[in-house]
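Read through the structure below, which is laid out as structure tokens, and then see the notes.
The values are calculated or read from the model by the stated rules, or taken from the named source; none is laboratory data. It should be emphasised that the depicted structure is a prediction, and the values quoted were computed from it without experimental measurement. Here the Cβ positions follow ideal geometry from the backbone for every residue, glycine too, while neighbour counts run over all protein chains shown.
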Amino acid sequence: MTTLPPARGPLSHAVVSALRGGPETLPSGESRAEVRAADPWGDDLHLALYVLYELHYRGFDAVADDREWDPELLALRGELEAVFLDALRAGTPDGRAAARALDELLVEPVDHTGSVSHHLAVEGELWQVREYAALRSLYHLKEADPHLWVVPRLRGRAKAAMVAVEYDEFGAGRPERIHARLFADLMSDLGLDNTYGHYLDRAPAPALAAVNLMSLFGLHRALRGALVGHFAAVEITSPPGSRRLAAAMRRLGAGAAAEHFYAEHVEADAVHEQVVRHQLVTGLLTDEPHLDADVAFGADATGLVEERLARHLLAAWNGERSALLPRVDGLTHGSTGSPPDGSPDSHNWARWAPLRRTLPM
Ligand SMILES: [Fe+2]
Ligand SMILES: [Fe+2]
């Protein structure tokens, strides 16, 4: 289990304190207006959401399992999700066809300037690859888990296709081949700590948002179309990106397991892409044609959060800065707005020097 992370502002402070059983009360009534005014891409909102979602995965040390269904926490989660969803809808095209959104993903952009995998394959340095893996670990150590939540909501062809792909993601009956396990092995090759959730307190909002997106889609039956669109986008874009990341691992001598994780995805996702497009998406839209625009939304929202993460990583690296947040032991810290009253926090992220010289992480 993971340790509760330090808060990054009033919302995450309220959530973490409530889970610690502290005296703080969750935002209610009037102060719910504060939630609605929160930065939908900010550290505070995304950490609060991430922590609330984690209750549905493995939870936290010293937090009772049944807090997963605490009505007050769920009500707050709903408010945070509404803010995030509004931003996702505002940042994606409205009501376009699923086929169009998915077709666009098949075309590799000619301009590579915003692509992390191109950067890492061609000129990335080992410390950047390690940072990439540390931040991606929040996603890959959960790989395929939230997608399973959609299974009871599908039927027939779509259900069979989803389970067939998930069977591969979970190692086809062999625990050592579970994709999350392969990623843990990659982390070992890179000298990273592969404990589940280890880098949560180092992950900035864009990395948390990528995980929150799949949790959001996975947990809501109303967003089943978006979940399928998200899954399709991941599988369709994976083979070319994985090929470049395998090349980056090879060029930098990262190790056999590091290269294997991405090489495995070049092969596996080429098959998954076909099953997802022709069985899962087609099956779902045959059963429920009214979900067409939701599938497109899920794919487009995935592109949006991935683009934001790529911008964050490349901006940091181009400036010779770490893309990770500094680890702050025992302190509550805030990156948005003022720290909660009484918190020991007076930090400003910009104060920290680049961390890349202080690796290992
Ligand atoms: Fe996978
Ligand atoms: Fe896959």
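Remarks
- If you filter the range 13-28 down to residues that are modelled with pLDDT of 95 or more and β-branched (Val, Ile, Thr), you find that the one that is surrounded by the most Cβ atoms within 10 Å (Cβ to Cβ) is Val15.
- Only listed residue being buried (at least 19 other Cβ atoms within 10 Å of the Cβ) and within 16 Å of ligand 2 (Cβ to nearest atom), chosen from Leu76, Leu105, Leu138: Leu105
- Residue count for the range 114-153 satisfying the condition of being within 16 Å of the chain's Cα centre (by Cα) and farther than 21 Å from Ala172 by Cα: 9.
- Number of residues in the range 163-186 that are under 22 Å from the mean Cα position of the chain (by Cα) and either over 26 Å from Leu52 (Cα atoms) or not assigned by TED's automatic domain parsing to the domain that holds Ala256 (or both): the value is 9.
- Residue list for the range 221-240, filter: touching a residue at least 24 places away in the same chain (Cβ under 8 Å) and more than 16 Å from ligand 2 (Cβ to nearest atom): Arg221, Leu223, Arg224, Gly225, Ala226
Okay, residues lined up against (1) over 22 Å from the mean Cα position of the chain (by Cα); (2) surrounded by fewer than 18 Cβ atoms within 10 Å (Cβ to Cβ):
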| residue | (1), (2) |
| --- | --- |
| Ala233 | no, no |
| Pro240 | no, yes |
| Met249 | no, no |
| His260 | no, yes |
| His265 | no, no |
| Ala268 | no, no |
| Thr286 | yes, yes |
| Asp294 | no, no |
| Phe297 | no, no |
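- The single condition from (1) surrounded by 19 or more Cβ atoms within 10 Å (Cβ to Cβ); (2) under 23 Å from Val151 (Cβ atoms) that Glu306 fails is (2).
- One residue from Val107, Val116, Val122, Val151 being of a type in the set (Val, Ile, Thr) and in contact with a Leu (Cβ under 7 Å, 6 or more places away or on another chain): Val116
- Each residue in the range 104-122 was checked for being modelled with pLDDT of 95 or more and more than 21 Å from Leu213 (Cβ to Cβ), and 5 pass.
- Entry remark, the range 42-72: residues being hydroxyl-bearing (Ser, Thr, Tyr) and farther than 16 Å from Ala14 by Cα number 1 in total.
- Of all residues in the range 182-195, those that are within 13 Å of Glu131 (Cα to Cα) have Cβ atoms under 8 Å from Cβ atoms of residues that are basic (Lys, Arg) and buried (at least 17 other Cβ atoms within 10 Å of the Cβ), 6 or more apart or on another chain, in Leu190/Arg130; Gly191/Arg130; Leu192/Arg130.
- Options Leu291, Leu216, Leu252, Leu245: the member that is more than 24 Å from Ala134 (Cβ to Cβ) and among the hydrophobic types (A, V, I, L, M, F, W, C): Leu291
- The condition (being in a helix (DSSP H, G or I) and under 30 Å from Asp193 (Cα atoms)) is satisfied by just one residue among Ala172, Ala82, Ala99, Ala87: Ala172.
- Among all positions in the range 124-142, there is at least one residue which is within 16 Å of ligand 1 (Cβ to nearest atom), at pLDDT 95 or above and assigned to a loop (DSSP other than H, G, I, E, B).
- Residue under evaluation Leu309, criteria (1) more than 14 Å from Leu135 (Cα to Cα); (2) assigned to a helix (DSSP H, G or I), criterion not met: (1)
- Of all the listed residues (Val276, Val266), the sole one being within 13 Å of ligand 1 (Cβ to nearest atom), among the β-branched types (Val, Ile, Thr) and in contact (Cβ under 8 Å) with a residue 40 or more places away in the chain is Val276.
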